[in-house]
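Remarks on the structure that follows.
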Amino acid sequence: MPIKNILVVDDSPTDRRHLSDMLEKGGYKVATADSAEDAIAKVRQLRPDLVLMDIVMPGQNGFQATRALTRDDATKHIPVIICTSKGQETDRVWGLRQGARDYVVKPVNSADLLAKISALG
């Protein structure tokens with residue numbers, strides 16, 4: 001199934017805007033969420049084709065939200081790519097163990113991110 005609609009989850013308005021602009025220029029329709037809790041609610045409501053998930057957020061973190069989404073029968077078919085400033089190998093491994101399909105470290109290279117999304121579609 002081709003990816004057309006993406007939910008960008010990040011507590012930073014600057015990062016949300018930057019990622020949204022990058023994805024929209026790549027031809028995707030973008031919705032945003034500013035917290036893990038908001039993301040889980042929006043995924044259930046909007047059924048995006050992909051979730052781009054930050055890790056460090058107030059309240060529930062992106063690891064917890066990724067685990068919740070990928071283990072819920074209603075949302076587990078929706079791929080999650082973690083997009084974070086946490087660049088340690090242990091973070092990447094942990095993110096993938098939570099069910100993420102890929103892991104991208106900020107600052108994001110537009111061509112690399114778009115290629116990863118295309119490969120999932």
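Derivation of every value follows stated rules applied to the coordinates shown; laboratory data play no part. Quantities reported herein were computed from a predicted structural model and do not represent experimental measurements. Neighbour counts are summed over all protein chains in view; Cβ atoms, including those assigned to glycine, are modelled from backbone coordinates with ideal geometry.
Using alpha-carbon pairs under 8 Å, 6+ residues apart, how would you state the relative contact order of the chain in percent? Intermediate values should be presented prior to the final figure.
Values: 207 pairs, mean separation 28.8, N = 121.
Over the chain, the number comes to 24 percent.
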Full-extension gain between Ala41 and Glu24, please, as 0.36 nm times their residue separation minus the C-alpha to C-alpha distance. 3.9 nm
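So which trypsin sites (Lys or Arg not before Pro) in the range 19-121 pass both tests, a DSSP loop state and at most 13 other Cβ atoms within 10 Å of the Cβ? Spell out each step's value before the answer.
Values: sites: Lys25, Lys29, Lys42, Arg44, Arg67, Arg71, Lys76, Lys86, Arg92, Arg97, Arg101, Lys116; in loops: Lys76, Lys86, Arg101.
Qualifying residues, ordered by number: Lys76.
Taking the Cβ-Cβ separation of Gln64 and Ser118 as r and a Förster radius of 30 Å, what is the calculated FRET efficiency to the nearest 0.05?
Details: r = 28 Å, r/R0 = 0.93.
The computed FRET efficiency comes out at 0.60.
At 25 °C and 0.890 mPa s, grab the translational diffusion coefficient of the chain from Stokes-Einstein with a Kirkwood Rh over Cα pairs, rounded to a whole number in µm² per second. Before the final figure, lay out each step's value.
Details: Rh = 13.8 Å.
Taking Rh from Cα pairs, D becomes 177 µm²/s.
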